[in-house]
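Report on one structure; see the data block that follows.
The values are calculated or read from the model by the stated rules, or taken from the named source; none is laboratory data. Keep in mind it's a predicted model, so treat the numbers as computed, not measured. Neighbour counts run over all protein chains shown; Cβ positions are idealised from the backbone, glycine included.
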Amino acid sequence: MVNRSPALDTFARHWMKPLTLVGLILPFAYVVAQFALALNGLPNALGFNPAEWTHRFLGDTALRILLLTLAITPLRDLTGWSPLLRIRRRIGLAAFAYGALHILAYLWLDLLWSLPALWEDVLKRTYITFGMAAFALMLPLAFTSTNGMIRRLGALAWRRLHWLIYPIAVLGVLHHLFMVKGNQPEPLVHGAILAALLGWRVYRWLAKPKPARKREPTGDPARSGPAGV
Amino acid sequence: MEYKRNRTWSALGDEVTPEPIFRDRRRIIAAAGAAGVGLIAGAGAAHAAPTARPVPGAALKATASKYKVADPVASEEAATSYNNFYEFGTNKSDPVRYAGLMKVDPWTVTVEGECEKPGAYAVTDLVDYGKLEERIYRLRCVEAWSMVIPWVGVPMASVIDKLKPTSKAKYVAFETHLDRTSMPGVRFPVLDWPYVEGLRLDEAMNELTLMTVGLYGKALPQQNGAPLRLIVPWKYGFKSIKSVVKIRFTDTQPPTSWNLSNAREYGFYSNVNPEVDHPRWSQASERVLGGGGLSGLISRRKTDMFNGYTKQVEKLYAGMDLAKDY
């Protein structure tokens with residue numbers, strides 16, 4: 001347990017959530033800024049293949065934010081600072097938003113809005129099958145991310161639904177791994193981080209003394225239990 | 001904190017003579033002396049001291065050729081800063097950032113296998129710098145983008161003629177330089193280094209195959225494969241091997257790096273073919289890169305069979321099923 005300091009309490013109460021939001025919007029702002037620079041003929045990060053740059057940047061961001069979502073619970077466990085759980089849902093939602101932008105960019109810049117072409121890709125190309133499956137599984141989590149939906153579903157059902165983040169993260173990492181040419185390190189690093197984050201949960205589950213009888217969880221499930229999107 | 005102070009007398013890293021050269025100094029000095037004698041005597045310089053070769057970026061004299069794609073040429077900056085050269089990293093911007101570390105002088109190309117003139121050659125032994133020509137080819141990358149680039153070189157056939165392959169030679173194998181100290185990308189086994197490529201001998205002898213030493217009228221910069229690379233314009237870009245240090249004539253089909261990495265995705269031939277998709281993406285069209293600003297976002301063209309060089313190369317593949325021999 002961390003020492004309760006008034007400053008930390010103030011931060012958790014007033015600053016943590018808005019600052020998280022700003023941090024989560026920054027990558028998008030960066031993309032917008034690069035396009036604004038390019039349109040004005042100024043030096044920018046887009047390089048000579050702006051479509052490829054945009055896909056990669058949005059995809060990397062989605063995957064990394066997804067991993068960050070999964071890192072919140074272990075961080076809470078390690079620091080004992082539970083206010084962290086209050087930013088978990090918005091981080092998960094940001095992962096969904098960047099995933100949606102990633103797919104929109106692909107639909108627009110590569111497929112010129114052809115949905116049949118997208119469907120053909122999904123069926124034909126394994127890495128796109130995995131990526132789209134991950135995105136499809138994120139949809140119910142995004143739709144149920146409001147307080148109202150938690151109440152309506154009930155805490156236990158909501159929590160179980162949001163365990164979908166585990167297969168989503170695995171599919172996301174596989175999407176990246178099967179996309180790159182050759183044997184590249186970056187997807188393996190993402191895979192190792194995911195393995196550590198999931199391994200932590202297995203370890204915690206194994207180490208926890210099992211209650212004699214199953215208890216219904218109480219309270220706000222978005223503030224306890226597994227990561228929610 | 002401990003730190004190293006550079007005294008006025010201390011040599012900076014790149015001023016230190018590399019150990020192999022230091023150990024070899026007597027032979028090098030003797031060879032230089034012998035070469036000098038040879039020059040004075042007016043002897044043929046075939047295996048003597050290499051004549052001076054333009055450094056990367058230096059202007060080259062080349063005559064225009066009939067090989068000229070009509071579409072707009074990519075900007076020189078695009079062609080020299082958006083590269084795949086995985087020995088320097090897998091990002092397109094890695095080669096221009098790191099390839100400058102690669103020493104290209106001196107450079108020796110080892111020729112071996114089924115030929116009458118095996119041995120160690122300088123680039124100037126293989127390429128006649130008095131006969132350079134400029135050819136504007138479209139480079140079609142397997143990643144479904146293309147750039148139109150003015151290359152400078154000599155027909156590969158003229159190089160092969162000098163090396164006199166025997167009647168047993170059916171293929172030519174090539175190998176890229178491998179140096180762990182100057183190539184940050186080879187620390188990770190992205191591919192099984194060194195990079196190797198190969199062509200059938202008749203493909204290598206085709207009029208289009210260019211032994212390339214320059215682009216945009218200048219000697220190749222390192223990121224584009226200095227000092228010597230191949231350009232095979234009807235094949236995907238990875239067949240056009242960079243920074244060649246070995247040429248071997250063989251009677252059997254040589255291994256090639258991408259085929260070893262993933263045989264289902266990359267065949268030995270790898271001819272540009274809009275009808276045969278890469279398993280992970282369509283090859284029917286390509287992004288046209290190298291225009292200014294955001295043009296790369298929208299510029300697309302339909303990919304041509306053999307990258308538009310059907311007339312010159314279709315006879316090479318008569319009777320072959322190109323969906324099978326991809």
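Looking at B:GLN283 and the list (1) closer than 16 Å to B:VAL232 by Cβ; (2) buried (at least 18 other Cβ atoms within 10 Å of the Cβ); (3) more than 10 Å from chain A (Cβ to nearest Cβ), which single condition is not satisfied?
(1)
In region A:1-54, which residues are in a loop (DSSP other than H, G, I, E, B), within 30 Å of A:ARG86 (Cα to Cα) and in contact with a Leu (Cβ under 9 Å, 6 or more places away or on another chain)?
Hit for region A:1-54 is A:VAL2, nothing else.
Would you be able to tell me the number of residues in region A:160-183 that are more than 17 Å from A:ARG64 (Cα to Cα), surrounded by 20 or more Cβ atoms within 10 Å (Cβ to Cβ) and within 14 Å of chain B (Cβ to nearest Cβ)?
Within region A:160-183, residues that are more than 17 Å from A:ARG64 (Cα to Cα), surrounded by 20 or more Cβ atoms within 10 Å (Cβ to Cβ) and within 14 Å of chain B (Cβ to nearest Cβ) number 1.
For A:THR10, state whether it is surrounded by 12 or more Cβ atoms within 10 Å (Cβ to Cβ), among the hydroxyl-bearing types (Ser, Thr, Tyr) and either without any contact (Cβ under 8 Å) to a residue 24 or more places away in the chain or away from chain B (no Cβ under 12 Å) (or both).
Here the answer is no, as A:THR10 does not meet what is asked.
Within region B:111-136, count every residue that is buried (at least 18 other Cβ atoms within 10 Å of the Cβ) and part of a strand (DSSP E or B).
7
Can you say whether B:VAL159 is in contact with a Leu (Cβ under 8 Å, 6 or more places away or on another chain), over 30 Å from B:GLU275 (Cβ atoms) and in the same structural domain as B:LYS218 (by TED's automatic domain parsing), as far as the supplied structure shows?
Against the criterion (in contact with a Leu (Cβ under 8 Å, 6 or more places away or on another chain), over 30 Å from B:GLU275 (Cβ atoms) and in the same structural domain as B:LYS218 (by TED's automatic domain parsing)), B:VAL159 qualifies.
Pairs only if they're at least six apart or on different chains, beta carbon under 7 angstrom, first in region A:66-79 and part of a helix (DSSP H, G or I), second surrounded by fewer than 18 Cβ atoms within 10 Å (Cβ to Cβ) and of a type in the set (Ser, Thr, Tyr); list them, first residue then second.
If the second residue must be surrounded by fewer than 18 Cβ atoms within 10 Å (Cβ to Cβ) and of a type in the set (Ser, Thr, Tyr), the pairs left are A:ARG76/A:SER82.
Hey, does region B:201-218 have a residue that's touching a Lys or Arg at 6+ places or on another chain (Cβ under 7 Å) and surrounded by fewer than 22 Cβ atoms within 10 Å (Cβ to Cβ)?
Yes, the conditions are met somewhere in region B:201-218.
Quickly run through region B:286-326 and pick out the residues that are in contact with a helix residue (DSSP H, G or I) (Cβ under 7 Å, 6 or more places away or on another chain) and within 14 Å of chain A (Cβ to nearest Cβ).
B:ARG287, B:LEU289, B:GLY290, B:GLY293, B:LEU294, B:GLY296, B:LEU297 - these are the residues of region B:286-326 that are in contact with a helix residue (DSSP H, G or I) (Cβ under 7 Å, 6 or more places away or on another chain) and within 14 Å of chain A (Cβ to nearest Cβ).
Counting just the residues of region B:141-188 that are within 14 Å of another protein chain (Cβ to nearest Cβ) and not hydrophobic (A, V, I, L, M, F, W, C), which one comes out surrounded by the most Cβ atoms within 10 Å (Cβ to Cβ)?
B:SER146
Go through A:ALA95, A:ALA51 for me and flag whichever is more than 10 Å from every other protein chain (Cβ to nearest Cβ) and small (Gly, Ala, Ser).
Residue meeting the stated conditions: A:ALA95.
In region B:256-277, which residue that is over 15 Å from the mean Cα position of the chain (by Cα) and touching a residue at least 60 places away in the same chain (Cβ under 8 Å) is surrounded by the fewest Cβ atoms within 10 Å (Cβ to Cβ)?
Of everything passing the filter in region B:256-277, B:LEU260 is surrounded by the fewest Cβ atoms within 10 Å (Cβ to Cβ).
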